[in-house]
Amino acid sequence: MAQLKRLTDEQLMTHLQEGQGDALAVLFDRYQKLVLSIALRIVRDPGEAEDVTQTVFLDIYRAVAQFDSHKGNTKVWLMQYAYHRAFNRRQHLQGREFYKNTELEEGDTQPAVAHATLGLSSPETKELVRQSMAALSDEQKSVIEMACYEGLSMREIAERTGDSFASVRHHYYRGLQKLRSLISSDPDKKSTAQRGKCA
Amino acid sequence: MPEPQQRGTTEHEHYEALCALAVGGLLEGEELVDSQAHLKDCGECRSDYLDLSRLITLELPQAQGAFQQKLAEMRTNPLPGSRQSFLRRARAEGVVFSPEVETPARSGPWYLRPIAGLIFVAALIVIAVSLKVHHVEAPDTARAKDAAVTQNIAELERANSELTANLSKLKQSLAMDQHEIQNLRSQLGNAATTAENLRRNGEQSSSHTVQLLDESRNQEKLLAEARDEAARSSQLRINDEASLVEQQARITELSNKLRIASATVDQERQLAAAGKDVQELMASRQLHVIDVRDTDPNGDPGKAFGRVFLTEGKLLTFYAFDLNEGSVLNTKRGFQVWAVPETAKDSPHSLGFLHVDAKAQGRWVLTVEKPELLKQIGAVFVTAEPTDGDKQPTGQKMLYAYLGEANHR
């Protein structure tokens, strides 16, 4: 155990791939607070956030065979799982609140996409997103930051900024659309507005 | 509620907007149900959903300020027992842990914690100051941004006070750790001294061991030599014993031969002497040969009898036969022969004691060569006397023989 604690994240993942459960415990000790902080920001409930945190690490354990250190680092992978799980949980909780007597599926058990699909290393992705964020309007950027980084809901953002709920949603959607078109390497996705109706 | 038609968006844009909200977990009510139902049927929207999911779960978080991330992380406190709860759940899911996992890990090297805290506090102060400056230099910034900055400052100040408290605790922890280090150094010093002593003792022991080994080798060499010598001596002793046995056998053989030879010589000498005596007796003149028979007090003839050969003035030989040997030997007595002079018949002279000449034949003999005495002798007789002899006869006379005149001239 003491030796595992001295290993890098990627070495721990290798041990985890070889079936050493202790490596999962070390990763938990190392990143529990990071994952929990993300979950707390989004689901806002300590118990739910703890549950999301545990689920994220168990997701990592189950999907460890897919991990490739050449495509991204462990921390980014964990954060992706954390955001994905937290957003899913929030959605699930809101749906359950709406349909009080109905059981709803929580959603996907894994992130929808593999990490580093763009083929970019983490610093490159970071810089690209920063530049893309700089290209957004102040309103779009502000709404996206509050939604994604602070975990605020559209209503909370509307209350904070004084804008209407619909306007906040519009800034959010348009901002994401623009970011997507700037970041994506696929020319077809550069502008979805030009694609017409759904199939 | 969505208002796609009012915004003039297409149906796809409407669902794309719902996708963006769904990915962030921001949909509520009917919109949530509507978007989920649409996603099941529309592959293009599912693709958009995946892209947007990647954007907000992977790419956007990477662009978040590391400081904000770290701040949020530091301000997060897991629920008590969350680690144990996770381990239990993981075990239930089939994850196998070693027993060591039960011990919670420290979040980092102890000595980095105070330093990290100090650096973080300094960073907070710098950022707080810069935010305030920014606030002064840009008074016309949007109201929402000002509110956010003000809130950030308040949070940072609160974080600063928390961190100051943490710093105080860390200082205490540092002092305790330094004390622990001091103790450990002291223990290390003692251990080093002990190790040095052990090393020296080990060297001395090694030297002594080498010396003992040399001595042992010498002793073994001497022992081997002694064994060889003992083996040689043993072989020699065996040889000597064999030789001794052989010599003893030879001696025994020679002794037997010598005894036989001696006996033969003695016998021959005796025969020669006897032959000479016989020859001289047969050739002598003035020879008296008298047979004598004993009688009991009643005059009846006894068992014993004798024969006397006298060469006058020269030699007397008295043979006695069938004497009652038991009557004298048991009382330490012997048969003493007496000579009766012709001139003094009452003063017999002792001639000596008879000795056994031929036991099987019951023959006794006494030879006397006393010329002067033999010139005067008139008769001889025998008495039983103590073996040390007596001046005068005390026992009963036996085998009395009167010599008379020579009957062989």
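The values are calculated or read from the model by the stated rules, or taken from the named source; none is laboratory data. As the structure is a prediction and not an experimental result, all values here were calculated from the model. So basically every Cβ, Gly included, is an ideal-geometry build from the backbone, and we count neighbours across all protein chains shown. To get the accessible areas, we keep the full protein, side chains included, count just its heavy atoms, and leave off ligands, DNA and RNA. Shrake-Rupley method; radii C 1.70, N 1.55, O 1.52, S 1.80 Å.
Show A:MET154, B:MET74 ordered by accessible area, largest first, where the area counts protein heavy atoms only and the probe is 1.4 Å.
Output order, biggest surface exposure first: B:MET74, A:MET154.
Using just the Cα positions, wrap chain B in a convex hull and report its mean projected area in square nanometres, one decimal place. Can you show the working numbers first?
On the way: hull surface 261.6 nm².
With the hull built on Cα positions only, its mean projection is 65.4 nm².
Starting from the 7 Å offset along Cα-to-Cβ, what nm value, one decimal, do you get for the label separation of B:ALA273 and B:SER243?
Computed distance between label sites B:ALA273 and B:SER243 equals 4.2 nm.
At most 16 other Cβ atoms within 10 Å and a DSSP loop assignment: could you name the trypsin sites (Lys or Arg not before Pro) in the stretch B:1-103 that fit?
Here the trypsin sites (Lys or Arg not before Pro) that fit, given the DSSP loop and packing criteria, are B:ARG75.
Place a +1 charge on the Cβ of each Lys and Arg in the stretch B:140-251 and a -1 charge on the Cβ of each Asp and Glu, then give the dipole magnitude about the Cα centre in debye, rounded to the nearest 20.
Result for the stretch B:140-251 is approximately 280 debye, rounded to the nearest 20.
Just want to confirm a number: the relative contact order over chain B, from Cα pairs under 8 angstrom separated by 6+ residues, in percent.
9
Rounded to the nearest Å, what's the spacing between the alpha carbon centres of the stretch B:253-276 and the stretch B:331-386? Just the number, please.
Value for the Cα centre distance between the two parts: 29 Å.
At q = 0.19, 0.24, 0.28 Å⁻¹, work out log10 I(q)/I(0) for the stretch B:297-363 with the Debye formula, treating every Cα as an identical point scatterer and leaving solvent out; two decimals please.
Each listed q maps to, in turn, -0.96, -1.25, -1.31.
How shielded is A:60-66 by partner chains, expressed as the average number of their Cβ atoms within 10 Å of its Cβ atoms?
Whole-number average of other-chain Cβ neighbours for A:60-66 is 1.
Can you pick out the pairs among A:LYS5/B:LYS169; B:LYS257/B:LYS332; B:LYS276/B:LYS303; A:LYS75/A:LYS178; B:LYS314/B:LYS391; A:LYS141/B:LYS169 whose Cα atoms lie more than 28 Å from each other? Can you show the working numbers first?
Numbers: A:LYS5/B:LYS169 25 Å; B:LYS257/B:LYS332 37 Å; B:LYS276/B:LYS303 31 Å; A:LYS75/A:LYS178 26 Å; B:LYS314/B:LYS391 23 Å; A:LYS141/B:LYS169 39 Å.
Exceeds cut-off: B:LYS257/B:LYS332; B:LYS276/B:LYS303; A:LYS141/B:LYS169.
Calculate one ³J(HN,Hα) per residue across the stretch B:306-319 by plugging θ = phi - 60° into the Karplus curve 6.51 cos²θ - 1.76 cosθ + 1.60, and present them in order as whole Hz with x for glycine and proline.
Each residue's phi maps through the Karplus curve to give x, 9, 10, 10, 10, 9, 3, x, 9, 8, 10, 10, 10, 9 Hz.
If I build a Gaussian network model for chain B, linking alpha-carbon pairs within less than 10 angstrom, which residue out of B:SER173, B:SER347, B:SER161 has the largest mean-square fluctuation?
B:SER347
Given R₀ = 22 Å, FRET efficiency for B:ARG91-A:ARG6 by Cβ-Cβ distance, to 0.05?
My answer for the efficiency is 0.35.
Using only C-alpha positions, report the orientation-averaged shadow area of the convex hull of the stretch A:1-98, nm², one decimal.
Answer in nm², one decimal: 6.2.
Checking a compactness column here: for the stretch B:136-276, what do you get for Rg(Cα) / (2.2 N^0.38 Å), N being the number of residues? Please list the in-between numbers first.
Details: Rg = 56.1 Å, N = 141, 2.2 N^0.38 = 14.4 Å.
Taking N as the residue count of the stretch B:136-276, the ratio is 3.89.
Mind giving me the FRET efficiency for B:ALA175 and B:SER98? R0 is 25 Å, r the Cβ-Cβ distance, nearest 0.05 is fine.
0.15
Using a 1.4 angstrom probe and counting only protein chains, how large is the accessible area of B:ILE260 in Å², to 10?
110
Between B:ILE251 and B:LEU222, what is the label-to-label distance in nm when each label sits 7 Å out along the Cα-to-Cβ direction?
3.8
By how many degrees, between 0 and 90 and to the nearest 10, does the Cα long axis of helix B:43-54 differ from the longest principal axis of chain B?
70
What stretch of chain B, leaving out the sites themselves, is the longest with no GluC sites (Glu not before Pro) in a DSSP loop having at most 15 other Cβ atoms within 10 Å?
With a cap of 15 other Cβ atoms within 10 Å, the longest stretch comes to B:94-341.
Taking Cβ-Cβ under 4.7 Å as the only way to count a partner, pick out the unpartnered cysteines of chain B.
Here B:CYS19 come out as lacking a disulfide-compatible partner, given the Cβ-Cβ threshold of under 4.7 Å.
Rounded to the nearest 0.05, what FRET efficiency do B:ILE153 and B:GLU196 give with R0 = 56 Å and r taken as the Cβ-Cβ distance? Could you check?
0.40
Using only Cα atoms, tell me the angle between helix B:11-23 and the longest principal axis of chain B; keep it within 0 to 90° and round to the nearest 10.
Computed tilt is about 40 degrees.
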